[in-house]
Structures are given as structure tokens and as C-alpha cells.
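Asks: First the structure, which I've put down as C-alpha cells, then a few questions once you've had a look.
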Amino acid sequence: MLPHALIYGSVALGLMAVVAVIGTDSQQLSGIRNLFTGQDNLARFQRLYLPGFLLAMLADWLQGPFVYALYEGYGIDREHNGYLFVGGFGASAVVGTVVGSLADKFGRRKFAILYCVIYFGHCATKHWGIFGMLMVGRILGGISTSLLFSVFDSWLVSESQRQGFNGEQLGNTFSLAYFGSSVVAIAAGQFGEIAANIAPLTKLGESGMYYGGYIAPFDLANIVLLMCMVYISKNWAENYGESAGQAGGGFRKAVGTIAGNKKILLCGLICSSFESSMFIFVFNWTPCLMEPDQPVPPFGHIFTGFMVFCLLGTRCYAYLARTLAVEQIGFLVMVLSAACHLTVYLSQNVAIRFVAFLAFETCVGLYFPMMGTLKGDIVPEDMRSTIYNLYRLPLNVIVLLPLLFNFSISTTFAVTTAILTIAVASAFSLKSMPKASSGKSDDLDELELQALNDA
């Protein structure tokens with residue numbers, strides 16, 4: 001059995017580490033203080049972006065931990081549960097590439113608002129315990145996830161560049177954003193649990209409609225989505241893949257750009273490999289920590305521990321970014337992540353697996369500001385959202401494999417270790433490339449791409 005002392009001790013240790021990293025780093029303290037009180041352009045810009053982004057993430061975090069529990073309450077078995085998630089990731093794979101191109105063409109702010117609308121529909125469908133309606137909800141959820149993890153970052157990078165902020169300042173904003181996301185995730189778990197316990201899951205007549213129980217966090221998420229929609233509508237300016245929204249980076253052009261520029265391709269391999277392994281981990285960490293004939297571990301507290309170490313990772317990034325290039329940080333993160341998944345594959349001990357998961361969550365916290373900064377530097381502005389969603393296409397396909405073929409835990413983590421080995425190799429290659437060969441400065445690449453796109 002996973003010792004409770006290890007769980008709670010890890011949470012306490014993680015919090016102390018966060019305090020130590022921030023408290024011993026005067027620049028981080030100054031940056032956080034400046035976020036709330038500073039009057040410089042960067043602080044004002046961060047105060048403009050972060051509320052919209054964190055409201056969007058709060059809505060996602062509020063309902064995420066309760067999806068499985070709600071489906072179980074509706075009597076959905078494991079097999080049909082898998083079908084629902086296949087529908088969601090399949091929709092993300094198919095539709096995500098299209099919405100990315102449309103966001104570049106018609107405006108990222110509009111599509112950030114569209115995320116709120118579509119995700120609202122996803123949460124609303126949870127009131128019906130009908131498989132077909134739940135499948136519609138999962139499809140809407142897959143589309144909205146593609147928007148969440150592409151449009152918001154695209155808007156931030158474009159607006160940051162327009163206002164003249166450099167790569168270090170952009171990285172600082174990403175670090176603060178995912179630091180805030182980890183804090184929001186911890187709060188969302190507690191608020192969602194409180195909401196779920198207000199009233200039991202109750203059926204309304206013969207309509208198949210329900211309320212209460214694990215539906216309540218979804219309703220709470222919808223309130224947050226309305227707030228997010230209003231905030232973005234009132235405060236964010238519009239930006240496009242190209243000026244005035246006359247033309248966005250089309251799908252064919254984006255594919256040609258990825259294929260024709262090695263840095264953009266390597267960045268995509270790292271992104272797809274790491275994030276697919278991360279999503280597979282999300283589906284499998286609970287059975288990994290369960291043992292036959294033993295009490296069920298306190299998953300809510302374990303999730304809190306994960307978020308604390310993810311938060312620690314965001315602060316470690318801010319510390320490392322002052323001494324290491326973003327490509328070097330990316331390589332270190334990929335190596336450590338692969339080691340964590342290999343540990344889970346090799347060991348059956350739940351305590352060792354738990355510690356490996358905590359280390360991996362630290363890598364997740366390091367990864368998002370690192371990747372946001374890296375993509376901001378490498379990916380061309382005129383097709384940013386399109387390429388971001390193309391990066392997610394292999395991710396969604398890879399995540400479907402364990403769901404479709406019902407892999408064992410051992411096989412699953414053997415696969416994720418192999419995938420992360422690809423990420424290690426890609427990160428090493430990217431780290432070894434001279435700066436002059438980036439997609440923004442390599443004249444030969446630009447000429448080749450132009451010829452390809454004009455063909």
C-alpha cells in the first residue's frame with residue numbers, strides 16, 4: 001500500500017521546495033511582486049493576459065478530475081468509457097488542424113472566445129446520461145482542447161512580439177502563466193470536490209437529464225467560462241496570422257513549412273512526443289498506484305501533490321532560464337522525463353512509482369514555459385496556430401493507441417519511454433544546432449520554403 005506519510009510528506013516537501021526556490025531568488029520575488037504592483041509595460045501586459053488564460057485553465061481543471069467518476073455514475077463501463085475518449089481525441093486530431101488555420105485567418109481572440117462557447121457545450125452535455133449525448137460532449141471537448149492549447153499561446157506570442165518584448169520576457173510570462181495554472185489546478189480540485197458533494201446525482205423525471213453530484217463541477221466550469229468569455233471580449237485586442245486578417249497560414253503551407261525547416265520539425269517532434277506521453281500518463285497513473293486487496297489511495301491528495309511539484313517545475317524554469325539556453329533546458333527535461341517513465345516500467349513498487357510521477361510532474365512544470373518560449377522563437381507568426389495544431393495531430397493519434405488496444409500498464413509505459421527517447425534525440429539535435437539555422441534567420445530555408453509554397 002502507498003504509505004500516506006509518503007504522500008503528505010511529499011506535498012509538504014514540494015511546498016517547502018517552491019518557497020525555497022522563490023525565496024532564495026531575488027529576481028523571481030521581484031517578478032512576482034512586479035506582476036501585481038508594477039506599472040511598466042510588461043507588468044501591464046501580464047495583468048492583461050493572465051486573467052483570461054487562468055480563467056480558461058480553471059474551467060478545464062474544474063471538470064477534469066471528475067469525468068471518469070461521472071461516467072461511472074451513469075453506468076458507463078471501461079470499454080465504452082474508452083470509446084468516449086477515442087471520440088474526443090479523434091475529434092481533436094481531425095478538427096484541430098482546421099481550426100488552427102481558421103484562427104490564424106480570422107483572429108485568435110475570436111477563437112479564444114469560441115473555445116469558451118464550445119467548451120460550454122461540452123460541459124452542458126454532461127447533464128444527460130445518454131451515451132450518444134456524452135459522445136457529442138467528448139467531441140466538443142476534443143475540439144475545445146485543441147483551441148485551448150494553441151490559440152491562447154498564439155495570441156500571447158503575437159501580442160508580446162507586437163509590443164516589443166524579447167524572448168526572456170516572453171519566457172517569464174509563460175512561466176508565470178503555468179505557475180498560475182498549477183495554483184488554479186490545486187484550487188479547482190478543492191472547489192470541484194465541494195461542488196460535487198452539495199447534492200447527490202439526481203435524475204429529473206424520465207427525460208434522462210440529471211443534476212447534482214459530479215455534474216456540479218461541470219456547471220461551475222460553465223460559470224467560469226462565461227466570465228472568461230466576457231473578460232476576453234472586453235480586454236483582449238485581436239491579432240492574426242497575417243496583418244489585417246487578409247490571409248492566414250493555410251494547412252498546405254504549414255505542412256510544407258514543417259517539412260522544410262529542420263528546427264520547426266524537431267520542435268514538433270519534441271512537442272508531440274512529450275505531450276502524448278503526458279496524456280497517456282494522465283489516463284494511467286491511478287491504476288499504477290492501486291494494489292490488489294489494498295485500500296484505494298487518496299487520489300485527491302495525490303493529485304494535489306502532483307500539482308505542487310508541477311508548480312515547482314515552473315519556478316525551476318524561471319531559475320534555470322537565466323543561465324541555460326531554452327534548448328538546453330528542453331534536453332534536460334526530456335532526459336529526466338524518459339527516466340521517470342522507464343522507472344515506472346521497471347518497478348512494480350507503488351512508492352517508487354509515486355516518486356517517479358512526482359519527478360515527472362516537475363518536468364511537466366518545466367516543459368510548458370520552455371516549449372512556449374521555444375515555439376515562440378521558432379514557429380513563423382503567419383501560421384502559428386495552424387502549426388501548433390499540426391504538432392497535436394500525431395499526439396492525438398499516439399494517445400489513441402492504448403485506448404484502442406487496451407495496453408497493460410507495463411506495455412503502456414514501455415511505449416511512453418520509447419516515445420520520450422525520440423524526444424530526447426530530437427531535443428539533443430535541436431540543442432546542437434547553431435542559432436543561425438533557426439527558421440527566422442536561415443535564408444536558404446526561407447528560399448526553399450517559398451519555392452515549395454509557390455509550387
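Yes or no, residue by residue, for (1) under 21 Å from the mean Cα position of the chain (by Cα); (2) farther than 21 Å from Gly167 by Cα; (3) part of a helix (DSSP H, G or I):
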{"site": "Gly31", "(1), (2), (3)": "no, no, yes"}
{"site": "Phe36", "(1), (2), (3)": "no, yes, yes"}
{"site": "Gln46", "(1), (2), (3)": "yes, no, yes"}
{"site": "Leu55", "(1), (2), (3)": "yes, yes, yes"}
{"site": "Gly64", "(1), (2), (3)": "yes, yes, yes"}
{"site": "Leu70", "(1), (2), (3)": "no, yes, yes"}
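Asks: Further, regarding this structure: Residues of the range 390-422 being more than 27 Å from Ile258 (Cα to Cα), part of a helix (DSSP H, G or I) and without any contact (Cβ under 8 Å) to a residue 24 or more places away in the chain, which ones?
Replies: The answer is Phe405, Thr411.
Asks: What are the residues in the range 100-114 that are modelled with pLDDT of 85 or more and open to solvent by 10 Å² or more (accessible area, probe 1.4 Å), if any? Explain how you work it out, then say what you get.
Replies: If we filter the range 100-114 for residues that are modelled with pLDDT of 85 or more, which is where we start, we get 102-114.
Scanning the range 100-114 gives Leu102, Lys105, Phe106, Arg109, Lys110, Phe111, Ile113, Leu114.
Asks: Output the residues belonging to the range 17-29 that are free of Cβ contacts under 8 Å to residues at least 12 places away in the same chain, assigned to a helix (DSSP H, G or I) and either β-branched (Val, Ile, Thr) or surrounded by 12 or more Cβ atoms within 10 Å (Cβ to Cβ) (or both).
Replies: Residues of the range 17-29 that are free of Cβ contacts under 8 Å to residues at least 12 places away in the same chain, as a first pass: 19-20, 23-24, 26, 29.
Within this subset, residues satisfying the condition of being assigned to a helix (DSSP H, G or I) are 19-20, 23, 26, 29.
If the condition is that a residue be free of Cβ contacts under 8 Å to residues at least 12 places away in the same chain, assigned to a helix (DSSP H, G or I) and either β-branched (Val, Ile, Thr) or surrounded by 12 or more Cβ atoms within 10 Å (Cβ to Cβ) (or both), then Val19, Ala20, Leu29 are the ones that fit.
Asks: Filter the range 377-389 for residues that are assigned to a helix (DSSP H, G or I) and surrounded by 24 or more Cβ atoms within 10 Å (Cβ to Cβ) and give the result.
Replies: Met383, Arg384, Ser385, Thr386, Ile387, Tyr388, Asn389
Asks: Looking at the range 115-127, can you tell me whether even one residue there is within 30 Å of Gly208 (Cα to Cα), assigned to a helix (DSSP H, G or I) and modelled with pLDDT under 95?
Replies: The answer is no; no qualifying residue exists.
Asks: Continuing with this model, one more query. Do we have Thr417 as more than 20 Å from the chain's Cα centre (by Cα), surrounded by fewer than 23 Cβ atoms within 10 Å (Cβ to Cβ) and of a type outside the set (D, E, K, R) here?
Replies: Numbers: more than 20 Å from the chain's Cα centre (by Cα): no; surrounded by fewer than 23 Cβ atoms within 10 Å (Cβ to Cβ): yes; of a type outside the set (D, E, K, R): yes.
Considered against the rule, which asks whether it is more than 20 Å from the chain's Cα centre (by Cα), surrounded by fewer than 23 Cβ atoms within 10 Å (Cβ to Cβ) and of a type outside the set (D, E, K, R), Thr417 comes out as no.
Asks: Of everything in the range 232-248, what is modelled with pLDDT of 95 or more, more than 21 Å from the chain's Cα centre (by Cα) and in a helix (DSSP H, G or I)? Give them in sequence order.
Replies: Residues satisfying the conditions are Ser233, Lys234, Asn235.
Asks: Specify which of the listed residues (Met307, Met371) is at negative phi, modelled with pLDDT of 95 or more and within 20 Å of the chain's Cα centre (by Cα). First the steps, then the outcome.
Replies: Numbers: Met307 fails: modelled with pLDDT of 95 or more.
Of the residues listed, the single one that is at negative phi, modelled with pLDDT of 95 or more and within 20 Å of the chain's Cα centre (by Cα) is Met371.
Asks: Ok, one more. If you check Leu147 against the conditions, is it within 19 Å of Ala112 (Cα to Cα), at pLDDT 95 or above and touching a helix residue (DSSP H, G or I) at 6+ places or on another chain (Cβ under 9 Å)?
Replies: Spelling it out, it is not the case that Leu147 is within 19 Å of Ala112 (Cα to Cα), at pLDDT 95 or above and touching a helix residue (DSSP H, G or I) at 6+ places or on another chain (Cβ under 9 Å).
Asks: Here is a follow-up. Check Ser146 against each of (1) part of a loop (DSSP other than H, G, I, E, B); (2) within 20 Å of the chain's Cα centre (by Cα) and name the one condition it does not meet.
Replies: (1)
Asks: With the requirement that a residue be out of contact with any Gly (no Cβ under 9 Å at 6 or more places or on another chain) and either charged (D, E, K, R) or not in a helix (DSSP H, G or I) (or both), what does the range 339-369 give you?
Replies: Ser347, Gln348, Asn349, Arg353
Asks: Say we look at the range 195-219 and pick out the residues that are outside any helix (DSSP H, G or I) and aliphatic (A, V, I, L, M); which of these is least open to solvent (accessible area, probe 1.4 Å)?
Replies: Ala199
Asks: Let me ask something else. Are any of the residues in the range 73-86 open to solvent by 10 Å² or more (accessible area, probe 1.4 Å) and within 19 Å of the chain's Cα centre (by Cα)?
Replies: Yes, some residue in the range 73-86 is open to solvent by 10 Å² or more (accessible area, probe 1.4 Å) and within 19 Å of the chain's Cα centre (by Cα).
The values are calculated or read from the model by the stated rules, or taken from the named source; none is laboratory data. Treat the numbers as computed from the prediction; the structure is a model and nothing was measured. Using ideal geometry, Cβ is built from the backbone for each residue, glycine included, and neighbour counts are taken over all protein chains shown. Just so you know, the surface numbers come from the protein's heavy atoms only, side chains and all, with ligands and any DNA or RNA stripped out. Shrake-Rupley method; radii C 1.70, N 1.55, O 1.52, S 1.80 Å.
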